[in-house]
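Each value in this text was obtained by applying a stated rule to the coordinates, not by laboratory testing. Quick caveat, the model's predicted, so the values are computed rather than measured. Here the Cβ positions follow ideal geometry from the backbone for every residue, glycine too, while neighbour counts run over all protein chains shown.
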Ligand code: PHE
C-alpha cells in the first residue's frame, strides 16, 4: 500500500508540472480523485484488510487524497489566473494613444433661423402656433379669397392628395384662416407659424418642391400698414443687423389689401451691389399686407371693428442669405460636412 501511494504521489507531482489547460485539469481530476480515479480506487479494496491494516491504509489514503486535492485545486487556480491574465493583456487598451475624433452633429441651419425668428417674435408678444401640412382647400384657398376656378390658384401649383378637397398646403397662410375661425371673431390675434409648404416646382438651386415659410398674423383694433412696416423693420434689424434698412414694394395677394413685397438692404454690400443681391443692393425676404376685408369677414371677424396685417417670410431664403448658401437643396440633402461648416461660421 505504502509503495503504491508513493508511486501515485510521484506520478501526480510529475503530471502537475506538465498540465496547462482547463481540459488538463479535468483530466487530472478524473485520473486521481474522480469517481474511478486511482486514489478513490485505493479505498475500495480495504474491506479485505485486517482492522489494523485497514486503519493504517485509511489514514494513508486520506492523506494522499487531501494532498492530491489541494495540489490539483491549487494548480487549477494557477491555470485559471494565467488564462485570465492572458485574456486581459490581449484586450488591454493603450490609453496613451490619441483618441478618434467624433464628429459633432450640428443643428440644422434652417432650424436655427426659424428659432431666431421665433425668439424675436415671442419677445414682442407673439405666440408660436402650428398648423397641418395636409390641409383643406377651404383654408388654403377659399377663405383666403381664392375660390375654386380662380386663375390665381394656378400660380401655386398644388399637390392635391384626395380629389380637390385635401392638399399639401401651398403656403402657411391657411394657418391665418384656421386661427381666426377658431377665435370666432372675439379676440385679438398675435401669432407666428413657421412650417413647411409644398408646390409642384422643379427642384433647382433656388426652387424646392418643399420649402419653409414663417407666417405671421396680427388682428386687433386700428392695425394699419404702418404697424406692419414698423414691426417688420424691428424684426429685420434684430435678425440681420441694426444697420439693416427695409423697403416695401407694392404687390398683390388675394388675402391682403394693400399687399407688399418685403426687401431688406443687402447685409453683404450694405446696398452698394454685390453678387448676393444681384447688384441691386436689396434682397426680397417675403410677402405681406393688410388683412383683406373679405378674409376678416369670412373668418368671423367684423371688418368694421377689427383690422390686421399678415406676412410670410421665406425661411430658406433668409438662411441662404444669412449663411451665404447658394443652393436651396443644401437644406434637404443631409450632409454633415456642410452643416458643421455653417456651425463653425456661427462661432467665428
Ligand atoms: N402666402 C404668401 C405666399 O406664399 C405670402 C404672404 C403671407 C403674403 C401673408 C401676404 C400675407 O407667397
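Convex hull of alpha carbon positions in the stretch 61-177: directionally averaged projected area 20.6 nm². Measuring nothing but how far apart in sequence close Cα pairs (under 8 Å, 6+ apart) lie, relative to its length, the chain scores a relative contact order of 15 percent.
For the stretch 169-224, relative contact order (Cα pairs under 8 Å, six or more residues apart, normalised by length) works out to 40 percent. Taking every Cα-Cα distance in the chain and sorting them into 20 Å bins starting at zero, the pair-distance distribution P(r) comes out as 23, 32, 8, 10, 17, 10, 1 percent.
Here the calculated FRET efficiency for residue 128 and residue 252, from their Cβ-Cβ distance with R0 = 30 Å, stands at 0.60, rounded to the nearest 0.05. The GNM of the chain, with springs linking C-alpha atoms under 10 angstrom apart, assigns the highest mean-square fluctuation among 283, 93, 192 to 93. In the stretch 2-90, inverting the average of 1/r over every pair of distinct C-alpha atoms gives 14.2 Å as the Kirkwood radius. Relative contact order, whole percent, for the stretch 1-100 stands at 31, derived from Cα pairs under 8 Å and 6 or more residues apart. When the Cα centres of the stretch 14-92 and the stretch 155-222 are compared, how far apart do they sit, in Å? Result: 85 Å between the Cα centres.
Sorting the segments 176-185, 46-55, 285-294 by their residues' average number of neighbouring beta-carbon atoms within 10 angstrom, most packed first, yields 285-294, 176-185, 46-55.
For the peptides 254-267, 117-130, 97-110, 316-329, the ranking by mean Cβ contacts within 10 Å, running from highest to lowest, is 254-267, 316-329, 117-130, 97-110.
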